[in-house]
Amino acid sequence: MILLPASLVLLFIGVSGFIYMRGTLFTQWQESSIVKLQRAAHEINMKLARITDWLQMFHHTSDGRGGPVIQEWILQQLQEMKGVEKAELKWESGHEPTSKMMGMGGGRSSEGRQMMRFKKGRPFEVTSPQYDAQTGKETVDLISHLKDESDQVVGTLVVTVRFDYLLEGVKAFGWWQTEQACLIDEAGKYLCHTKLIMKKGIVFGQTDDVFERSLLKAIKEKPFGTVLGPGTPPDEVGGFYRLKYAPWTIVLFASGKEVLAPIIHFRNYYFAGGTLAILIILLLIRSVVGKMVRSFTAISKTAEKVAKGDYGKPIPVRGSDEIAQLTQSFNTMVGGLKERDFIANTFGRYVDHGIAKELMKRPEASRLGGQKREVAILMSDIRGFTPLSETLAPEEIIRFLNRYFFYLIQIIQEHQGIIVDFFGDAVLVFFDPFDEPVDPMIKKAVVCAFNMQKSMKEFNREMLAENLPSLEMGIGINAGEVVVGNIGSETRAKYGIVGSPVNLTQRIQSTAEEGEVVVSHSVYQYVGDEVTVKRKFRTVLKGVQEEVLLYGVESKTNQISL
C-alpha cells in the first residue's frame with residue numbers, strides 16, 4: 001500500500017521533469033535554428049546591400065549632380081563587382097540624352113559626352129532568377145527606375161547578378177544541410193531548391209500538404225520562425241527567415257526524427273534512467289519500510305486476536321528505532337489489557353485495583369485452589385425487601401438495587417474489602433490480611449459496617465424525595481480461618497473464600513435488627529474497647545450445636561483507630 005502512492009508520486013515527478021526538459025531542449029533547438037537561418041539570410045543580404053549601396057549612390061547624381069563622370073564611374077564600379085554580370089542604363093524612347101552615351105558594355109569612350117538628367121530614382125526591385133543563355137547561368141536583376149520631374153520613367157538602371165553568387169557560402173550554414181531547403185518569392189514561387197524538380201512551375205503552399213500550408217501562413221504573418229508538422233514526434237519541421245533587401249524568404253524542411261533526435265534520445269534515456277531510478281528507489285523503500293510493514297502486519301494480526309480475547313505471546317522487539325518503540329508500547333498495552341481482563345475474570349469488577357494487583361503478585365492468585373488463613377468476613381442484607389419487591393415493577397426493583405449497591409460498593413472498596421458475591425439484596429465481603437496479622441483487617445471490617453449503615457441515611461433521603469420507600473439493613477461480622485483462592489474451573493473462576501466461618505457469618509447477619517451491626521465474639525475481642533455494645537445476647541444458630549455469644553454494637557466516635 002505504501003509502494004503504490006510512492007510510485008505514483010515518483011512517476012508524476014518524472015513526467016513533469018521530462019515535459020519541462022523537453023520544452024527547454026525544443027526551445028533551444030528553435031533558437032539555434034533561427035540563428036542559423038538568420039546567418040544564412042544575412043549572407044545574402046550583405047551581398048545585395050553592397051550592390052544597393054552603389055545604386056543609392058547613383059540616385060544621388062540626379063539633376064546632374066556629380067556630372068556624367070561620377071555616373072559613369074558608379075556604373076564602372078557596379079560592373080566590376082564580384083558576381084555582377086553587367087550593369088547598364090536603359091533610356092525610355094524619346095528620353096535619350098542629348099549626347100549619345102553607350103552603356104558600360106558598349107566599349108566606347110564617354111569623354112565629352114553628357115548623360116541625361118533625372119529627378120529621382122525609384123527604390124530597386126529584385127527579379128526572380130532567370131536563365132541567361134549567353135552565360136549559361138541563372139541570374140537575377142536588380143532594377144531601379146529613374147524618373148523626371150513629372151514622375152515619368154525616363155530610364156532604367158539594371159544590375160544583373162549571378163544567382164549562384166548570392167547563394168555562395170550559404171550552404172556552409174546548417175540550414176542548407178537539411179533534407180530540403182529553398183528560396184521563395186512573395187508569391188510562393190520557388191527561386192531555388194535543393195530538389196531541382198521543385199523549381200518547375202510548382203508554387204509553395206498550393207499543394208495538398210497541410211504542413212506546407214501552415215508553414216506558408218506563418219511566413220506571411222511573421223518575418224521568421226519555426227513550425228512543427230503533425231505527429232509526435234512531428235514527421236517534419238520547418239523554419240523560415242525573410243530577407244531584408246529582396247522579397248525572398250529562406251525556407252528549410254527537415255525530418256522531425258532527425259532534427260529532434262537529441263530530444264528523442266533525451267526522452268529515451270530519461271525514461272530508461274527514470275525507470276531504473278524509480279525501481280531502485282522503490283527497492284530502497286521496500287527494504288527500508290519492509291521492517292515497518294512486517295511490524296505493522298504483526299501488530300494488526302495480534303490486534304485482531306486481542307479483539308477476540310486471544311492475547312498470545314508478545315511481539316518480538318528488534319532494534320531501538322521508532323517501530324521497535326511502537327511494538328514495545330503495543331506489547332505493554334496488550335499486557336495491560338491482559339492484566340485487566342485477568343482481574344475482571346478472576347476477581348470480578350468489585351475488587352479494588354490496588355488489592356487486585358497485590359493479589360496477582362501471589363502465585364496462588366493465578367491458579368485454581370488456595371490456602372488457609374484467618375480473615376474478617378462481612379455480610380449485609382436488606383430487611384423486609386421481599387414484601388417490598390412485590391409492590392414494585394421488575395425494572396424498578398433492579399434500578400432500586402443498583403443505586404443501593406452503588407453506595408455500598410464505594411464504601412467497601414474504600415476499606416479494601418473484597419466482594420465475593422451478591423445474593424439478591426445481600427452482599428458477602430471479606431477482608432484479607434494476606435501474610436499480615438488479621439486484627440487490622442477486623443477493625444477495617446467493623447468501620448466499613450458502620451459507614452455502610454451511615455450511608456443508608458443519605459440513600460433513604462434520596463428515596464423519599466422520589467416517593468420511594470426507605471430501606472433498613474442488617475450487617476453481620478465474623479472472623480475465622482477459611483480457604484482463600486480461586487474457586488471454579490479453568491474457563492471460569494472467581495477469587496473467594498470457603499469454610500464454616502462463612503456460613504456462620506450469614507447466620508450472624510440474620511440476627512441483626514434494622515440498622516444494626518452484629519459481631520461475633522472473635523471480632524469483639526479486637527474492637528471491644530472502641531465500640532459501644534447496645535445489646536449482648538446468646539443464641540442458637542442453625543448448624544451450630546452450642547449457643548453463640550453475639551454483640552450488637554455501634555461506634556463510640558464513628559472512628560476506630562486502625
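The values are calculated or read from the model by the stated rules, or taken from the named source; none is laboratory data. None of these values were measured; they are calculated from a predicted model. With ideal geometry, Cβ positions are generated from the backbone for all residues, glycine too; neighbour counts draw on all protein chains shown.
Tabulated data
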item	result
Which numbered condition residue 400 misses (of (1) closer than 23 Å to residue 520 by Cα; (2) buried (at least 19 other Cβ atoms within 10 Å of the Cβ))	(1)
Residues (assigned to a strand (DSSP E or B) and at pLDDT below 90) located in the range 374-408	none
Entirely in the range 502-562, the strands (runs of 3 or more DSSP E) that have 1 or more residues that are over 30 Å from residue 483 (Cβ atoms) and over 60 Å from the mean Cα position of the chain (by Cα)	531-540, 547-555
Leading residue by the ranking (modelled with the lowest pLDDT) among those in the range 423-466 that are basic (Lys, Arg) and within 21 Å of residue 518 (Cβ to Cβ)	457
Some residue of the range 533-547 being of a type in the set (S, T, N, Q) and either surrounded by 15 or more Cβ atoms within 10 Å (Cβ to Cβ) or in contact with a Pro (Cβ under 7 Å, 6 or more places away or on another chain) (or both)	no
Set 475, 560: member being within 26 Å of residue 455 (Cα to Cα) and modelled with pLDDT of 90 or more	475
Failed item in (1) surrounded by fewer than 18 Cβ atoms within 10 Å (Cβ to Cβ); (2) modelled with pLDDT of 75 or more, with residue 144 passing the rest	(1)
Qualifying positions in the range 495-526 - touching a Lys or Arg at 6+ places or on another chain (Cβ under 9 Å), small (Gly, Ala, Ser) and within 16 Å of residue 474 (Cα to Cα)	510, 512, 515
Residue list for the range 414-453, filter: part of a loop (DSSP other than H, G, I, E, B) and in contact with a Phe, Trp or Tyr (Cβ under 6 Å, 6 or more places away or on another chain)	417, 425
Test for residue 435: is it of a type in the set (D, E, K, R), surrounded by fewer than 19 Cβ atoms within 10 Å (Cβ to Cβ) and in contact with a helix residue (DSSP H, G or I) (Cβ under 7 Å, 6 or more places away or on another chain)	no
Test: residue in the range 470-492 that is surrounded by fewer than 17 Cβ atoms within 10 Å (Cβ to Cβ) and part of a helix (DSSP H, G or I)	no
Test set (1) assigned to a loop (DSSP other than H, G, I, E, B); (2) in contact (Cβ under 8 Å) with a residue 24 or more places away in the chain; (3) under 30 Å from residue 395 (Cβ atoms) - residue 467 fails condition number	(2)
Selection status of residue 484, at pLDDT 90 or above and hydrophobic (A, V, I, L, M, F, W, C)	no
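Per-residue answers, yes or no, for (1) within 20 Å of residue 417 (Cα to Cα); (2) in contact with an Asp or Glu (Cβ under 7 Å, 6 or more places away or on another chain); (3) among the hydroxyl-bearing types (Ser, Thr, Tyr):
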position: 475; (1), (2), (3): yes, no, no
position: 484; (1), (2), (3): yes, yes, no
position: 494; (1), (2), (3): yes, no, no
position: 519; (1), (2), (3): yes, no, no
position: 538; (1), (2), (3): no, yes, no
position: 546; (1), (2), (3): no, no, no
position: 550; (1), (2), (3): no, no, no
position: 555; (1), (2), (3): yes, no, yes
